Amino acid sequence: MNASPTSARALPFDETRRRGGPLSALLSSDRPRSKVLSALLLAILLLLAATPFLFSGSQPVGTAAKICVFIVLVASYDLLLGYSGIVSFAHTMFFGIGGYGIAIALERLGPTWGSAAIGLIAALALSALLAIAIGLLSLRVRAIFFSMITLAVASAAAVLASQLSDVTGGEDGLSFQLPQALRPAFRLLSEPVFGTAVNGRLLAYYLVFFVSLVIFLVLLRIVNSPFGRVLQAIRENEFRAEALGYRVVAYRTAASVISALAATIAGALMALWLRYNGPDTTLSFSIMIDILLMVVIGGMGTMYGAVIGAALFVLAQSYLQVLMGAGSAALAGLPLLPNLIHPDRWLLWLGALFIISVYAFPGGIVGRLRQAKQ
Amino acid sequence: MPEPLLLLSDVHTHIGPYHILHGVDFSVPTGELTMLLGRNGAGKTTTLRTIMGLWQASSGRIRFDGRDITASATPDIAHAGIAYVPESMGIFTDLTVRENIVLAARSGPLDKTRLDWILGLFPALKRFWNLPAGNLSGGQKQMLAIARAIAEPRRLLLIDEPTKGLAPVMVRSMIEAFKALKASGETILLVEQNFYAASALGDNVVVMDDGRIVHAGAMSDLVADTALQQRLLGLSLDAHQ
Amino acid sequence: QDIKIALIAGKTGPLEAYAKQTEAGFMMGLEYLTKGTMAVDGRKINVIVKDDQLKADLAKTLLEQAYNDDNVDLAIGTTSSAAALAMLPVAEENGKVLIVEPAVADAITGEKWNRFIFRTARNSTQDAYGAAAAVPASGEVSIATLAQDYAFGKDGVAALKNALAEIRPNAKVVFEEYAPQNATDFTASAQRIFDALKDKPGKKIINIIWAGQHPLPKIADLKPERFGIEIAPGGNILPAMQIYKNYPGMEGAVYYYYAFPKNAMNDWLVAEHQKRYNAPPDFFTAGGFAAASAAVTAIQKAGGTDTEKLITAMEGMTFETPKGPMTFRKEDHQALQEMYHFKVKANGKDANDLLDLVATIPADKMPIPVRNKR
Amino acid sequence: MILSTAKTPALETRGLTIRFGGHVAVNDVSCRFTPGTLTAIVGPNGAGKTTYFNLISGQLRATSGQVVVEGEDVTSLPASARAKRGLGRAFQLTNLFPQLTALENVRLAVQSRAEAGWSLFRVWNARRDLIEKAESILERVRLADKRHIAPKALSHGDQRKLEVALLIAMEPKVFMFDEPTAGMSVDEVPTVLELIHDIKQRGDATVLLVEHKMDVVRSLSDRIIVLHNGTLVADGEPAEVIASPVVQEAYLGVEVARA
Amino acid sequence: MSDLTTDAAAPAELPRAKSDWLPLLLIPALALLALPFVGSPSTWVTLTVAGLAMGMMIFLMASGLTLVFGLMDIINFGHGVFISLGAYATLLVLGPLAGWATADSVGLNLALLLLCILAAMAVTGVAGAVFERVIVRPVYGSHLKQILVTMGGLIVTEQLIHAIWGASPIPIPLPQSLRGAFVLGDIVMERYRVVAVVIGLAVFIGMQLLLNRTRIGLLIRAGVENPEMVEALGYRIRRLFVSVFIAGSALAGLGGVMWAFYRQTLTAGMGMEVMVLVFIVIIIGGLGSVGGCFVGSILVALVANYVGFIEPKLALISNILVMALVLIWRPQGLFPVARR
Ligand SMILES: Nc1ncnc2c1ncn2[C@@H]1O[C@H](COP(=O)(O)OP(=O)(O)OP(=O)(O)O)[C@@H](O)[C@H]1O
Ligand SMILES: Nc1ncnc2c1ncn2[C@@H]1O[C@H](COP(=O)(O)OP(=O)(O)OP(=O)(O)O)[C@@H](O)[C@H]1O
Ligand SMILES: CC(C)C[C@H](N)C(=O)O
Ligand SMILES: [Mg+2]
Ligand SMILES: [Mg+2]
């Protein structure tokens, strides 16, 4: 499957440049390489860091947490898709495993940190095993077959989650309690800071935020390591990579495992934040499509694209309906138009957005910004 | 003097932001074999692709058989009677040898005598008639590419480096084939690195460098003038073949 | 100050049609009960409608938002049982009332229940009792079930068996067939059921417990009457029941059918609905109406929207609905209500003229067990 | 064997055979290749030369027979493992990473040689040594000024040079060149020939060269083997082999003996 | 397009291609294998006939996709919505001609079905042309973008169906004489399935002829690998691609009609629901092989029926099981196109 950017003389990176400095090290010397992009990324980082203090109400924080989780999820998928050229539809399976790991452990073993750790570790182990199995078994076949196989695997995973309803809660999913320190009732400080109560919810948010940040930086480092460059080479021409001495199946499997582990962590964070996990939340095919779209809108094979894509998309998803409601109300009285932008038709516009964004940003937003700079 | 079959005047070609051809002027007289020579990166392939409409000339004129084909679409150019063998051979690797040739015969079933002649030139193709073309050896693919171009008579053949990868005996075969084609009235524009083959075949020669024509004339003149060869092609004849 | 009510429904996605009915019924209910003023005790009612897209996590977030950001007094929702289950803890955390409509999962008023939860919708057990009540009360009856192979189907069969044991001891479930959730070809299942039933004595019935695309015509086309086997389909929304038309004489139980209840409220609903939407009201229109009635009656009875007062008022409260009176029983806040035993008409006047009433099954004939741990 | 029979062969094939359905493309070829020698492999088109390379470097699995590298049987190893054992290979039909720059293409080969592929947490460009080495190789094939151009946009001849650069960067023990100069213009050919000559000069490398240009073969090779219909039909001193009837007839076509 | 049987004109000693019949044997082998497990022969016949017919319906729905996907290398995730669209298009006919469905005349009933099919193919054909032009054309060659863009098209079209026909499921009547079943002793055969078999076979044979007797199939496969070269040979590959896409969409429409009458209820999501099955069938068949798709469809449907009868627990995964087994046997599918 062809998943690579297309411009012939594209310079994905400048080999000759070398920069020092802690920031460069943190970003694995893969700088945004565009002023606008840097500004955007910085803005997103600051906003996410300060959301609980900037906005009131539960929706903004919820949206911010979701953005954090999806940044990790999408970045992990970018490692697979953008860097390794592997098109897998089973990524949500790992997301789901993370979610269920936390959900099942906290429900069964009680709301303690210990059970959360057990759940996460078990989930990571299961994900790694599955990723290795899928990788070794099927990364040898043609790319398009691999994609279809993962499609089947993903649907099998969904069936399994539904069948094992005693453990997973079936279609209904699982609601559970968090450890004491993360509950809304828990107060770290008795006084609010900048009008925001420093409670367990806030702690939970920052847990999600910092873990996401760290995982993102780790992924950024991995794609900029010699290992990451091998993945790109394999994406370009696996036959040649093998001839150069790179064991293609091993590298691809490794990429799948890393990506699966990161997705698992994202799933765990999602469950922790929502205090709920169910098939629609982490396993559904529509989430898979959302991820694909975020990667592509953001810019495949750029990592930063994950940040931009996830932020934009989650925002659109959360506020498109609200926006359309307002628009529809404003246009009330006109023929047809209010109907088309009725909030219940939001999917229509999301679909149109799908199509338009693929055309408007062939290299993703990051690609577009970097191009503009040249 | 009749108009040449193919005439390029001041053709410029850009690929993306890069200016590759800087005003190419030359003509291919009807019924003759014209060699297009030049170093690597001189722009020979780009010239052929521009003629074929695979890249659009950004300015200049290309006339074929009295018609302006500068802006024509590739299929129309093919229909006008030009066959093309690309540098990368353009073999359909999933299709069998037979299917590759069948597709090239646009006007219907293959002519039996012509097919016999072609398979006589390249016996390997006969052997692997129903094998996917992707499994052929490098040289066999080259043969198939030529066979495809000559499956039916055409007015003009554009051929990009046909002898690369061919064993000496096949090079000879190929030369014979081009001679026969010429004899049957076809016009050929050939890009070649193999100066031996080029000199054995060419009526005319055009030499390119850096996207421009630097020499055009009769082949015999160039063969006779080793100094010119040295200057144009960086070649001393005795060292190679 | 306005009374704020949130109505959460799966307005977009596969069950869009259900949610539309709920919303229409709810609004019509308010209109009827407030005599068009949209005010109770001089306080204007402000309804905030939210679309959870059938996603449990979104439903949960939206309910949090409704309680926290919009400050609603109580909330109604939602279409999917999974989403409803995820919403339950939110009501408890925020200490506000949630009226569940139309989700049917038993667990909502069972093990997952908390004291802020009330349900106007029927639960699966009620459906089962209804189905059981439609079985002849005397003579030997052999029943085979056909259900979807996941929690919903299995629970349905279990509930039916309980209900039969309770009120129809003469009937036995002799065979349980489970087919994949999205099965489309029922030849194999039908053959297995025929094999199991054909040599049984007495009346032979296939009871179908199915959500979504109904297998009825597929089974009926295989001519179970060859073996003297009858089919008992469950009730469903009108468009789904239109295929029953081809199989007159079938009997079963239904939650609501517009022509069955005889009361002023229903008469108004049928007439108005026909006028406004050019179709009779359906399943969830009645459900939405009932939810509106529960809310309005409760606010009137409690004399305001204070949660504790509301709960006190609602426990044991009887309220009028298009289906006749319903009562929230004290123990688990489930609304007890009538069901209808129907027979498919031979030749109806139009597409929606489908069923004849055999008998109304009064609430007290269905001893629904209490399953929550209070 | 003519030269240095005493040394252990760097590479040996024993009864190497592959059949595709009924067609035997390489038929029972046994041959030893000693360090410090350059062996030219000639034969008509479709003789099995490329297939022989494919079998050695692991792109194809042999139907029977063994490939032995420095006494170790590598027949069951995948291509990547054979590359690690020192079997390096350039392709007849250019086979590169089309969208990575020329420099990155070479750097990947250098990196493979340096066994750096599995380092996950180091930033790649912290390895200046690898980059510098890649640049020096580009220098040697005279592509330094095109280091930032992707193969996609290189002319055919330049792609051939890059192909050679990758092989050199792998620093294998056994170099396998498959028509390295095909389609290369006459003024560029000497560059590549010089490179091959240098490799040979080093003395410890084993070079296998498939080439149709007889003058090249004659000037470079210590030994020529001839494949015909998959079978090894001649093996010996260049002059001797070229003069043999089978080569004259089947390969050169007798009249062309003037080459 | 002109005749492709050039072997007639070619020298006699040219080798001929071998045909591969082995996968075809799978079907009878499977049926025979199932017999002892099913036990009762009458049940076995019922299951087998029903399975064959279901296979035909799956084939009808999948054939368009295999055409587009296999030949043009385009993953059309929107294929499912063409199935739905075709199904809804029947309403254009069923509305005005409702009487024909209840009429007690086999002729009128079948004519109605035919008209529905024509209407559906016309509607989906046009929709396919629009889809190709607006959505797919700019993303030839990039599978990933195709997936995204066609997914977008799918959502938009599905929403438009909602907007036009409403969100509620719409029941449609199966014409009178196609209801019920033929009963022969203990064997039952639904009438409608017999119709499906006839139409499925007709489409299959038609496609085989078109692809094997003309050079269209070759051209498209060649065009996918190297469109420039096909143009240089003088063919207008674009036009061909559009036609294939239209044909693929129209076939989806046909499949949609058959599926609609089988389900007797229309929902906008009905096409999407079968897509995983359709993909599985195409993979089993070997991406792009019409014959493979045909055999694959029947295999999947038969296995589902047998397994559903013998061990219903396994029915959930029977499709995936079949796929896994086939891929273990032939990793490229039953009839890999590249090796044809
Ligand atoms: N797709 C492309 N994008 C950008 N530049 C290109 C592209 N293709 C060719 N070029 C450049 O155009 C110039 C001429 O290339 P061309 O392939 O025409 O040369 P040539 O004379 O055929 O050389 P050779 O003998 O090596 O085949 C070269 O400098 C090459 O780098
Ligand atoms: N996968 C395959 N299936 C069938 N035949 C094959 C396959 N691969 C190669 N062959 C045949 O094996 C023979 C040897 O091919 P090979 O590529 O080794 O030739 P070569 O000596 O390198 O020729 P050239 O000088 O033309 O490159 C050819 O006749 C080719 O058609
Ligand atoms: C009858 C419907 C409201 C049932 C719904 N699917 C649920 O899950 O509750
Ligand atoms: Mg060239
Ligand atoms: Mg070769």
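The values are calculated or read from the model by the stated rules, or taken from the named source; none is laboratory data. Nothing here was measured: the structure is a model prediction, and the numbers come from that model. Reconstructed Cβ throughout: ideal geometry from the backbone, glycine too, with neighbour counts over all protein chains shown. Note: accessible area is taken over every heavy atom of the protein model, side chains too, but ligands, DNA and RNA are not part of it. Shrake-Rupley method; radii C 1.70, N 1.55, O 1.52, S 1.80 Å.
Using the Cβ of C:GLY249 as centre and a radius below 15 Å, the other residues enclosed give a net charge of +2, where K and R count +1 and D and E count -1.
Shown for chain D: the carbon plus sulfur share of the solvent-accessible area, taken with all protein chains present and a 1.4 angstrom probe, equals 50%. Note on region E:28-100 and region A:296-366: Cα centroid distance 36 Å, given to the nearest whole angstrom. FRET efficiency for the pair C:ASN278 and E:LEU25, taken as 1/(1 + (r/R0)^6) with r the Cβ-Cβ distance and R0 = 51 Å, rounds to 0.35.
Against chain B, whose longest principal axis is taken from its Cα atoms, helix B:168-183 shows a tilt of about 80°.
For the residue pairs C:LYS11/C:LYS35; B:LYS182/D:LYS152; C:LYS55/C:LYS161, the C-alpha atoms sit more than 29 angstrom apart in B:LYS182/D:LYS152; C:LYS55/C:LYS161. Relative to one another, the C-alpha centroids of region B:1-48 and region A:214-230 are positioned 47 Å apart. Of the candidates C:GLY153, C:GLY36, C:GLY95, which one comes out as most mobile in a Gaussian network treatment of chain C with C-alpha springs shorter than 10 Å? With Cα springs under 10 Å in chain C, the top fluctuation among C:GLY153, C:GLY36, C:GLY95 is at C:GLY36. Considering the options D:VAL68, D:PRO172, D:ASN125, tell which one lies farthest towards the positive end of the dipole of chain D, charges being +1 on Lys and Arg and -1 on Asp and Glu at the Cβ, about the Cα centre. Towards the positive end, the residue furthest out is D:ASN125. Taken along its three principal axes, the alpha carbon spread of region B:90-153 comes to 26, 20, 17 Å, from the longest extent down to the shortest. Fully extending the segment from A:LEU109 to A:GLN371, taken as 0.36 nm per residue of separation minus the present Cα-Cα distance, adds 89.1 nm. For C:LYS323, a cut-off of 17 angstrom between C-alpha atoms picks up these lysines, skipping any fewer than 8 places away in its own chain: C:LYS262, C:LYS365.
With respect to chain D, whose longest principal axis is taken over its alpha-carbon atoms, helix D:128-140 is tilted by about 50°.
What the Cβ-Cβ distance of C:ALA39 and C:SER138 gives, at R0 = 56 Å and to the nearest 0.05, is a FRET efficiency of 0.60. Residues whose amide H comes within less than 5 Å of that of C:TYR150, counting only those at least five positions distant or on another chain, are absent (H built at 1.01 Å from N in the peptide plane). Note on B:197-203: average number of Cβ atoms from other chains within 10 Å of each residue's Cβ is 0. Spatially, region E:162-216 and region D:66-118 are offset by 55 Å when compared through their Cα centroids.
Projected label points at D:SER30 and A:ALA330, each 7 Å from Cα along the beta carbon direction, are separated by 8.7 nanometres.
Less than 5 angstrom separates the built amide H of B:ILE15 from those of B:ILE20, all sequence-distant by 5 or more or on a different chain.
Axis of helix D:156-170 versus longest Cα principal axis of chain D: the two differ by about 80°, to the nearest ten degrees. Size descriptors for chain C: radius of gyration and Dmax over Cα atoms are 20.5, 68 Å. With the simple spin-label model, which puts each label point 7 Å out from Cα in the Cβ direction, the E:LEU35 to A:ALA316 separation comes to 5.8 nm.
How big, in percent, is the set of alpha carbon pairs in chain E lying more than 35 Å apart? Roughly 24 percent, once rounded to a whole number. Let me confirm one metric for peptide D:203-216, namely the mean number of other chain beta-carbon atoms within 10 Å of its residues' beta-carbons. Partner Cβ neighbours, averaged per residue: 2. In a reduced charge model with +1 at each Lys and Arg Cβ and -1 at each Asp and Glu Cβ, region B:90-153 shows a dipole moment near 100 debye about its Cα centre. The helix-only estimate of mean residue ellipticity at 222 nm for the protein assembly as shown, built from DSSP H runs of length n ≥ 4 each weighted as -39500 (n - 2.57), is -15500 deg cm²/dmol after division by the residue total. Averaged per residue, chain D has 35 square angstrom of accessible surface, using a 1.4 angstrom probe with ligands and nucleic acids left out. What FRET efficiency would be calculated for the residue pair A:GLN177, A:ARG31, taking the C-beta separation as r and a Förster radius of 41 Å, to the nearest 0.05? Computed FRET efficiency for A:GLN177 and A:ARG31: 0.45.
Taking C:GLN65, C:GLN53, C:GLN21 as the candidate residues, the one with maximal mean-square fluctuation in a Gaussian network model of chain C, Cα springs under 10 Å, is C:GLN65. The listed residues E:VAL197, D:VAL68, once ranked by accessible area (1.4 Å probe) with the largest placed first, stand as E:VAL197, D:VAL68. In the protein assembly as shown the Cα-Cα distances spread across 10 Å bins starting at 0 as 1, 7, 13, 18, 18, 15, 11, 8, 5, 3, 1, 0 percent of all pairs.
3J(HN,Hα) along region D:206-217: 10, 10, 10, 10, 9, 7, 9, 7, 5, 5, 5, 4 Hz, from the Karplus curve 6.51 cos²θ - 1.76 cosθ + 1.60 with θ = phi - 60°, whole Hz, x for Gly and Pro.
Scalar couplings 3J(HN,Hα) for region A:249-260, obtained by applying the Karplus form with A = 6.51, B = -1.76, C = 1.60 to θ = phi - 60°, are 4, 5, 5, 5, 4, 4, 4, 4, 5, 4, 5, 5 Hz; x denotes Gly and Pro. On the principal axes of its alpha-carbon atoms, region D:96-171 has extents of 36, 22, 17 Å, going from largest to smallest. Anisotropy class assigned to chain A is rounded, per the alpha carbon gyration tensor with a/c under the 1.5 cut-off. Evaluated with a Cβ-only charge set (Lys, Arg +1; Asp, Glu -1), the protein assembly as shown carries a dipole of roughly 880 debye about its Cα centre, given to the nearest 20. 3J(HN,Hα) along region D:36-49, derived from phi through the Karplus expression 6.51 cos²θ - 1.76 cosθ + 1.60 where θ = phi - 60°, amounts to x, 10, 10, 9, 8, 10, 10, x, x, 4, x, 6, x, 5 Hz, with x in place of Gly and Pro.
Taking label positions 7 Å along the Cα-Cβ direction at both E:ALA324 and D:PHE20, the computed distance is 3.4 nm, reported to one decimal. Helices that extend 20 Å or more along their long axis by alpha-carbon positions and average at least 1.6 on the Kyte-Doolittle scale are, among the DSSP H runs of chain E, E:22-38, E:79-94, E:106-130, E:290-310. Distant-in-sequence amide contacts of B:ASP209, defined by a placed amide H-H separation under 5 Å and a gap of 5 or more residues or a different chain, comprise B:VAL214. Partners of C:LYS223 within straight-line reach, counting lysines whose Cα lies under 20 Å from its Cα and excluding those fewer than 8 residues away in the same chain: C:LYS198, C:LYS200, C:LYS203, C:LYS204, C:LYS245, C:LYS343, C:LYS345.
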